[in-house]
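Encoded as structure tokens, the structure appears first; notes follow it.
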Amino acid sequence: MRPEFQAKLEGTSDSEIGFWQYKSLLQAGEQGISAISKVHETLGGVANIGVLREDGEFLIYAAHPENRVYTFGLGKLKMVSTALHSHDDFLFQAIFPEARSIELLPLHTVLTL
């Protein structure tokens with residue numbers, strides 16, 4: 001993938017390659033959910049991927065088995081967070097103790113907010 005986007009790259013991060021691939025897929029007519037899945041499929045690995053689109057829609061692809069993605073409510077807000085590489089409920093005990101409606105996003109799932 002790197003050679004395909006080499007002229008556009010400013011650094012060496014795989015995240016930057018993922019960005020350019022995602023943008024390329026959208027320009028080719030791919031829909032956001034499908035595009036984010038294809039980026040992960042192509043790059044491989046176990047990363048979670050988040051995209052905030054210019055229309056305000058947020059997509060998150062959950063794929064890291066050691067850093068799971070949760071959705072939850074906090075007041076009137078719908079929140080999304082990773083587990084911060086914690087295998088217990090630290091996220092909700094220490095950071096978001098008032099969270100409600102906590103749900104674990106299944107691996108290899110795209111959530112749209």
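The values are calculated or read from the model by the stated rules, or taken from the named source; none is laboratory data. Here the structure is a predicted model, which means the values were calculated and not measured. Neighbour counts run over all protein chains shown; Cβ positions are idealised from the backbone, glycine included. To get the accessible areas, we keep the full protein, side chains included, count just its heavy atoms, and leave off ligands, DNA and RNA. Shrake-Rupley method; radii C 1.70, N 1.55, O 1.52, S 1.80 Å.
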Members of the range 49-63 found to be open to solvent by 40 Å² or more (accessible area, probe 1.4 Å) and under 13 Å from the mean Cα position of the chain (by Cα), listed by number:
50, 52, 53, 57, 58
Write out, first by first residue and then by second, each pair whose Cβ atoms fall under 9 Å of each other, whose residues are 6+ apart or on separate chains, and whose first residue, in the range 96-113, is under 19 Å from residue 66 (Cβ atoms) while the second is of a type in the set (Gly, Ala, Ser) and surrounded by fewer than 11 Cβ atoms within 10 Å (Cβ to Cβ).
none
Look at the range 87-110 and say how many of its residues are surrounded by 16 or more Cβ atoms within 10 Å (Cβ to Cβ), outside any strand (DSSP E or B) and either modelled with pLDDT under 95 or touching a Phe, Trp or Tyr at 6+ places or on another chain (Cβ under 6 Å) (or both).
2
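With the requirement that a residue be assigned to a helix (DSSP H, G or I) and within 19 Å of residue 80 (Cβ to Cβ), what does the range 20-58 give you?
Matches in the range 20-58: 22, 32, 33, 35, 36, 37, 39, 40.
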Considering 42, 82, which residue is of a type outside the set (D, E, K, R), closer than 15 Å to residue 109 by Cβ and free of Cβ contacts under 8 Å to residues at least 60 places away in the same chain?
82
Restricting attention to the range 7-31, the residues that are open to solvent by less than 40 Å² (accessible area, probe 1.4 Å) and touching a helix residue (DSSP H, G or I) at 6+ places or on another chain (Cβ under 7 Å) number exactly 6
